[in-house]
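K.L.:
Let me give you the structure first, and then I'll get to my questions.
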Amino acid sequence: MRANIDVAHRLGCAWLVVHAGFHFSASVEARQAAALARLQRAVAYAEQVGPRLLLENLNVEPVDAEVHYLGHTVEECRYYFDAIASAHFGWAFTANHAHLVPEGIAGFLDAFGVTRIGEMRLADSLGDKEVHLNPGEGNIDFALLFQRLESSGYADHYMMAFGSLADKLAGRDRLAACWHEA
């Protein structure tokens, strides 16, 4: 992690997106504790070097999947956000991942607000499995999302997290129309 932070610093990056980790078994508490310790060390180093670390809320995996990501629910993300109070530790909010869990996008925003978001990651989803669809191919209401973010004071980055360059160019226009609608 230190090497990634060093590279980001040398490249002049303002932030890095990080993950809480994953587990293969029922030892979730031990994995969460190890992930928290790792993130705390990384944040302490980032405070010295400069780049901000943004924890991405990850996607839920099917029950029978071999790997399960940590940090995919509000409760799991809260575990890290409550423990690490640093200006160098924020949130990379991935809308289509939040769309997969019962609390949904609104639940994440209700729980955490927008002040910690340093990057808003946009892709569409039908809410049934982890995919990064082009805007309009799923059922995320981007106009409502933009209205919620902007009216709450969000003023940081939006990132397109889907498709090819051509998809992103078309998606940019669709997202811009949703933003103006909001």
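K.L.:
Please compute the contact order of the chain in relative form: average sequence separation of alpha-carbon pairs under 8 Å and at least six residues apart, divided by the residue count, as a percent. Could the numbers behind the result be given before it?
P.N.:
Values: 295 pairs, mean separation 30.9, N = 182.
Once divided by the residue count of the chain, the mean separation gives 17 percent.
K.L.:
Report the one residue of A176, V17, A3 whose Cα lies farthest in the direction of the positive end of the charge dipole of the chain (charges on C-beta: Lys and Arg +1, Asp and Glu -1; origin at the Cα centre).
P.N.:
A3
K.L.:
For V18, enumerate residues with amide H under 5 Å from its amide H, sequence gap 5+ or separate chain, H modeled in the peptide plane.
P.N.:
Residues meeting the criterion, in which the H sits 1.01 Å from N, are L54, L55, E56.
K.L.:
While we're looking at this one, here's another question. Within the stretch 63-87, list the residues whose amide N lies under 19 Å from a label point set 7 Å along Cα→Cβ of C13.
P.N.:
It comes to 87, nothing else.
K.L.:
Under a 10 Å cutoff between Cα atoms, tell me which one of H157, H72, H132 has the largest fluctuation in the Gaussian network model of the chain.
P.N.:
With Cα springs under 10 Å in the chain, the top fluctuation among H157, H72, H132 is at H157.
K.L.:
Follow-up. In percent, how large is the relative contact order of the stretch 80-157, given Cα pairs closer than 8 Å and 6 or more residues apart?
P.N.:
Values: 92 pairs, mean separation 23.7, N = 78.
It rounds to 30 percent for the stretch 80-157.
K.L.:
Check which residues have an amide H placed less than 5 Å from M159's amide H, if you skip close sequence neighbours.
P.N.:
Correct list: M120, R121, L122.
K.L.:
Give me the extension gain from Q48 to V63: residue separation times 0.36 nm, minus the current Cα-Cα distance, reported in nm with one decimal.
P.N.:
Values: separation 15, 0.36 × 15 = 5.40 nm, distance 3.97 nm.
Here the answer is 1.4 nm.
K.L.:
Something else: Over the stretch 85-177, with every protein chain in place, what whole percent of the accessible area is carbon and sulfur at 1.4 Å, could you tell me?
P.N.:
Values: 2290 of 4200 Å².
Ligands and nucleic acids excluded, carbon and sulfur reach 55 percent.
K.L.:
Between L55, L144, L100, which gets the highest mean-square fluctuation from a Gaussian network model of the chain, Cα cutoff 10 Å?
P.N.:
So, out of L55, L144, L100, the one fluctuating most is L144.
K.L.:
Quote to one decimal, in nm, the extra length available between D167 and A83 on full extension: 0.36 nm per residue of separation minus the C-alpha distance between them. Before the final figure, lay out the partial values.
P.N.:
Details: separation 84, 0.36 × 84 = 30.24 nm, distance 3.81 nm.
Net length gain for the segment: 26.4 nm.
K.L.:
What are the ³J(HN,Hα) values, in whole Hz, obtained from phi via the Karplus relation 6.51 cos²θ - 1.76 cosθ + 1.60 with θ = phi - 60°, for each residue of the stretch 130-141 in sequence order, with x given for Gly and Pro?
P.N.:
Each residue's phi maps through the Karplus curve to give 6, 9, 10, 7, 5, x, x, 8, x, 10, 6, 8 Hz.
K.L.:
Follow-up question, since we're still on this one. Pop out the ³J(HN,Hα) list for the stretch 49-62 in order, Karplus 6.51 cos²θ - 1.76 cosθ + 1.60 with θ = phi - 60°, rounded to Hz; leave Gly and Pro as x.
P.N.:
8, x, x, 8, 9, 10, 6, 8, 6, 8, 8, 6, 9, x
K.L.:
Still on this model: From the helices alone, meaning DSSP H stretches of at least four residues, give me the mean residue ellipticity at 222 nm for the chain, per-run term -39500 (n - 2.57), in deg cm²/dmol to the nearest 500.
P.N.:
Numbers: 7 runs with 82 residues, N = 182.
Roughly -14000 deg cm²/dmol at 222 nm, from the helical runs in the chain.
K.L.:
Let me ask another. Specify which labelled value, from (1) 33, 20, 16; (2) 26, 21, 15; (3) 38, 25, 16, agrees with semi-axes √(5λ) of the Cα gyration tensor in Å derived from the coordinates of the model shown.
P.N.:
Correct label, based on the coordinates given: (2).
K.L.:
Step through the residues of the stretch 142-155 one at a time and calculate ³J(HN,Hα) from phi using the Karplus curve (6.51 cos²θ - 1.76 cosθ + 1.60, θ = phi - 60°), rounding each to whole Hz and writing x for Gly and Pro.
P.N.:
Per residue, the Karplus-derived 3J(HN,Hα) values read 5, 4, 5, 4, 4, 4, 5, 5, 5, 6, 8, x, 5, 9 Hz.
K.L.:
While we're looking at this one, here's another question. Leaving out ligands and nucleic acids, and using a 1.4 Å probe, what accessible area per residue does the stretch 1-127 come to in Å²? Present the calculation step by step, with values, prior to reporting the outcome.
P.N.:
On the way: 5810 Å² over 127 residues.
It amounts to 46 Å² per residue over the stretch 1-127.
K.L.:
Moving to a separate point now. If you place +1 on the Cβ of every Lys and Arg, -1 on the Cβ of every Asp and Glu, and leave all else neutral, what size is the dipole of the chain about its Cα centre, to the nearest 20 Debye?
P.N.:
Details: 14 positive and 23 negative charges, 148 e Å.
Once rounded to the nearest 20, the dipole reads 720 debye.
The values are calculated or read from the model by the stated rules, or taken from the named source; none is laboratory data. Worth saying up front: this structure is predicted, and the values here are computed from it rather than measured. Heads up, the Cβs are rebuilt from the backbone with ideal geometry, glycines too, and the neighbour counts pull from every protein chain shown. Accessible surface areas use protein heavy atoms only, side chains included; no ligands, DNA or RNA. Shrake-Rupley method; radii C 1.70, N 1.55, O 1.52, S 1.80 Å.
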